[in-house]
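A.B. asks: Structure below; questions to follow.
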Amino acid sequence: MPVHSPASLNRWTNLWEPLDVLAFAASEVFELHDGTALVDLPVSHQASTGMWTHSAYWSLPYVASVIGDVMRHDQ
């Protein structure tokens, strides 16, 4: 059974890297308060980052672009 988010959270875009041991597809665990599914967007693994992948993908242009799109949508 998914955990519902608080009503104040009306949108959730989850960026996650499959080889990041701290990351996961949040839609398998959470959903918005109204039952709407979260958006899970996988991020490609950068082979050069090795085990530092948890913080490395935040500097990728794709990740910055998605964050910008989400922020523009919320304005």
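The values are calculated or read from the model by the stated rules, or taken from the named source; none is laboratory data. Since the model is a prediction, treat every value here as computed from it, not as a measurement. Note: ideal-geometry Cβ built from the backbone for every residue, glycine included; neighbour counts use all protein chains shown. Surface areas here come from the heavy atoms of the whole protein model, side chains and all, with no ligands, DNA or RNA. Shrake-Rupley method; radii C 1.70, N 1.55, O 1.52, S 1.80 Å.
A.B. asks: Starting from the stretch 4-18, take each residue that is of a type outside the set (Gly, Ala, Ser) and list its partners that are open to solvent by 80 Å² or more (accessible area, probe 1.4 Å), counting only C-beta distances under 6 angstrom and pairs at least six apart or across chains.
C.D. replies: Taking only residues 6 or more apart or on different chains, the pairs are 4/33.
A.B. asks: Let me ask you something else. Filter the stretch 21-75 for residues that are assigned to a loop (DSSP other than H, G, I, E, B), modelled with pLDDT of 90 or more and either in contact with a Leu (Cβ under 6 Å, 6 or more places away or on another chain) or not aliphatic (A, V, I, L, M) (or both) and give the result.
C.D. replies: Within the stretch 21-75, the first condition is being assigned to a loop (DSSP other than H, G, I, E, B), and the residues that meet it are 21-25, 29, 32-38, 43-46, 60, 74-75.
If we keep only those that are modelled with pLDDT of 90 or more too, we end up with 24-25, 29, 32-38.
Listed by number, the residues that qualify are 24, 33, 34, 35, 36.
A.B. asks: Look at residue 9 and say whether it is of a type outside the set (Ser, Thr, Tyr), assigned to a loop (DSSP other than H, G, I, E, B) and at pLDDT below 90.
C.D. replies: On the way: of a type outside the set (Ser, Thr, Tyr): yes; assigned to a loop (DSSP other than H, G, I, E, B): yes; at pLDDT below 90: no.
No: the conditions fail for residue 9.
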